[in-house]
1. Run down the lysines and flag those whose C-alpha is under 18 Å from the C-alpha of Lys62, throwing out any fewer than 8 positions away in its chain.
2. Taking only Cα atoms of the stretch 170-294, what ratio of Rg to Rh do you get with Rh as the Kirkwood inverse-distance radius?
3. Which ³J(HN,Hα) values in Hz, rounded to whole numbers, follow from the phi angles of the stretch 42-57 under the Karplus curve 6.51 cos²θ - 1.76 cosθ + 1.60, where θ = phi - 60° and Gly and Pro get x?
4. Per-residue HN-Hα couplings for the stretch 6-19, Karplus 6.51 cos²θ - 1.76 cosθ + 1.60 at θ = phi - 60°, whole Hz, x for Gly and Pro?
5. Which log10 I(q)/I(0) values, to two decimals, does the stretch 153-196 give at q = 0.15, 0.23, 0.29, 0.32 Å⁻¹ under the Debye formula with one point per Cα?
6. Of the listed peptides 6-12, 231-237, what is their order by residue-averaged count of other C-beta atoms within 10 Å, with the highest listed first?
7. Under a 5 Å amide H to amide H cut-off, with H placed in plane at 1.01 Å, what residues pair with Thr229 once short-range neighbours are removed?
8. Mind ranking 149-161, 169-181 by how tightly packed they are, going by the mean number of other C-beta atoms within 10 angstrom, highest first?
Amino acid sequence: MEFIDYYKILGLQKTANAEEVKKAYRKLARQFHPDVNPNNTEAHKKFQQINEANEVLSDPEKRKKYDKYGKDWEHGEAYEQQRQSQQQSRQYSGGDFSGDFEGGDFSDFFSSMFGGGGSRQRKTKMRGQDLNATLQVNLTDAFKTHPQTITINGKNVRLTIPAGIENGQAIKLKNYGNPGMNGGPAGDLIITFNILNDTSFRRSGNDLQFTQEIDLYTAVLGGDITVNTLHGKLKLKVKPETQNNTRTRIKGKGFPVYKSDGQAGDLYITYSIILPTNLTEKQKELFAQLAALS
């Protein structure tokens, strides 16, 4: 696998602290995000590399292994076990084991350990590397469970997206990552969702909010209205003398709860009263009479 310098990807020195890693990641993620660079395969590839670099460098344990073993960081523990085993074998046989791998290039060692050695070398099965991908989904699609096919490394992967998926949420598909070494299992595919809101609704967790316009006469006298929701058309009664910006709650008509069939948040509707325009002389006269009575 081609070596990717995670520090170079994020434009950092090896001495960078956690805050500098976070700052560099956020800046580059915004610059190369698929939403900002639609149909740009190079930008998409760069975005994946940025996510991969951040995943390693923002994790203290992973970063420690990466700094020590470089491109072979995921196999560091296996290397240590094999090195100790070889050291013990040579000590028992009267030989001398003085190899120093600290800070060096482990390519030769891993080559012999995972497939390049002679007949006496035991090939160790190693798990493949995880892959990261970002998938953009419209809010109306995230509202319902639906199948979707994505292409990863030239392969079509069919998955079912559960209703209620949230922006930034990630799901893992086991064994859809890079293939393993020497017969080892494949890595996982980790998909992070980017929810695009293409509606007039505002989502807050499992609740939905939107503003519904009503005319002055309905606000004053009350009446029935029909509103469009993600659940379909809904008939509501407006109480007489409803004030501007009055908010009402419709229980269970919000966004579906993730992996909880039949459960949903609430829908909050804020009424915005629209004043009449282009009044006739008669209408103005009637409003004047109302004003006098008040």
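1. Cross-link targets: Lys8, Lys14, Lys22, Lys71.
2. Values: Rg = 24.7 Å, Rh = 18.8 Å.
Reported Rg/Rh, Kirkwood definition of Rh: 1.31.
3. The phi angles translate into 5, 5, 5, 5, 4, 4, 5, 5, 5, 5, 5, 4, 5, 4, 7, 6 Hz.
4. Per residue, the Karplus-derived 3J(HN,Hα) values read 5, 5, 5, 4, 8, x, 10, 8, 5, 8, 4, 8, 4, 5 Hz.
5. -0.47, -0.87, -1.10, -1.18
6. Numbers: 6-12: 17.4, 231-237: 10.9.
Sorting 6-12, 231-237 by mean packing, highest first, produces 6-12, 231-237.
7. Leu234
8. Values: 149-161: 11.1, 169-181: 15.5.
Descending packing order for the listed peptides: 169-181, 149-161.
No lab work stands behind these numbers, since they all come straight from the coordinates. This one's a predicted model, so the numbers in the text were calculated from it and none came from an experiment. Neighbour counts run over all protein chains shown; Cβ positions are idealised from the backbone, glycine included.
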